[in-house]
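One structure below.
The values are calculated or read from the model by the stated rules, or taken from the named source; none is laboratory data. Just so you know, these numbers come straight off a predicted model, no measurement behind them. Here the Cβ positions follow ideal geometry from the backbone for every residue, glycine too, while neighbour counts run over all protein chains shown. Accessible surface areas use protein heavy atoms only, side chains included; no ligands, DNA or RNA. Shrake-Rupley method; radii C 1.70, N 1.55, O 1.52, S 1.80 Å.
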Amino acid sequence: QQQVKQSPQSLIVQKGGISIINCAYENTAFDYFPWYQQFPGKGPALLIAIRPDVSEKKEGRFTISFNKSAKQFSLHIMDSQPGDSATYFCAARVGGSNYKLTFGKGTLLTVNP
Amino acid sequence: NAGVTQTPKFQVLKTGQSMTLQCAQDMNHEYMSWYRQDPGMGLRLIHYSVGAGITDQGEVPNGYNVSRSTTEDFPLRLLSAAPSQTSVYFCASSRQGANTGELFFGEGSRLTVL
């Protein structure tokens, strides 16, 4: 079964707009929720991450919002730029098991100039 | 600073052939893992290792074999390749410790099985 559900599958945003990607989970044993960014031909790289005791985390133009009661979290990219065009994956980790992330299916973001 | 190095980057196999995807990391990370990436499927865990001599199965282990004789290396073996194993394979490493959940990925190995 898919433990982390990600939507939308693809997203097209104009330069300067806000990109929003959503994820939902069921397993309450998850204790760490990272987002990874992947450019074509490259491996995923950590973008930003949050723990379930925090409702929001911001790093530059990237913000994670976390709703523990709804078991949902989302990535917001403010002032989206063409260089943000990439595939984004949400993920979740069970209690300290850094070697075993569960990933969403990914969102292909295209930011038009 | 090499990080996680995967070889080869591209490989074409015929059904039934065997091969090994190599993965090496120079960060002295305890944990290593292999994922496969397929369109619309995200990243799925194949096998992982929490240290030299210790390996375990992930979500999609069938058809793959791993070993970890050193901290640095974690090869993935396909014993008898099948078309369903056509995919992009990523090796990742991470440091033991609850406060650092970051995975460091290699650049991937694209495998086509005919």
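Restricting to chain A, what percent of DSSP beta bridges are antiparallel, rounded to 5?
Of the beta bridges lying entirely in chain A, close to 90 percent run antiparallel.
Given the convex hull of the Cα atoms of the range B:7-70, what is a quarter of its surface area in nm²?
Computing the convex hull of the Cα atoms and averaging its projections yields 5.3 nm².
Express in % the proportion of alpha carbon pairs of chain B at distances exceeding 21 Å.
The share of Cα pairs beyond 21 Å in chain B comes to 30 percent.
Cross-link partners among lysines for B:LYS9, C-alpha distance below 30 Å, same-chain residues fewer than 8 apart left out?
Output for B:LYS9: A:LYS5, A:LYS42, A:LYS100, A:LYS105.
Quote the Stokes-Einstein diffusion coefficient, in whole µm² s⁻¹, for the protein assembly as shown, based on the Kirkwood radius over alpha carbon pairs, a temperature of 20 °C and a viscosity of 1.002 mPa s.
Rounded to a whole number, D works out at 119 µm²/s.
Please report, in Å, the Rg and the Dmax of chain A, where both are computed over Cα atoms only.
Computed over the Cα atoms of chain A, radius of gyration and Dmax are 13.4, 41 Å.
Going 7 Å from the Cα of A:LEU46 along its beta-carbon direction, which residues of the range B:77-96 have the amide nitrogen within less than 19 Å of the resulting point?
B:90-96
Keeping every protein chain in place, order B:ASP38, B:ASP73, A:ASP31, B:ASP26 by accessible area at 1.4 Å, biggest value first, i.e. largest first.
Ranked from most to least accessible, the order is B:ASP26, B:ASP73, A:ASP31, B:ASP38.
In straight Cα distance, which aspartates and glutamates are under 20 Å from A:LYS57, not counting same-chain residues fewer than 8 positions off?
Here the aspartates and glutamates satisfying the reach criterion relative to A:LYS57 are A:ASP31, A:ASP79, A:ASP84, B:GLU102.
Residues of the protein assembly as shown: accessible area per residue at 1.4 Å, in Å²?
I get 47 Å² per residue for the protein assembly as shown.
Place a point 7 Å from the Cα of B:LEU79 along the Cα-to-Cβ direction; which residues of the range B:42-62 have their backbone N under 11 Å from it?
Answer for this model: B:62.
Which percent of the accessible area of chain A is formed by carbon and sulfur heavy atoms (probe 1.4 angstrom)?
Solvent-exposed carbon and sulfur of chain A make up 51 percent of the total.
Just to be sure I understand: if I project the alpha-carbon convex hull of the range A:27-74 onto a plane and average over all orientations, what area do I get in nm²?
3.9 nm²
How large, in percent, is the carbon and sulfur part of the accessible surface of chain B at a probe radius of 1.4 Å?
Exposed carbon and sulfur together represent 49 percent of the surface.
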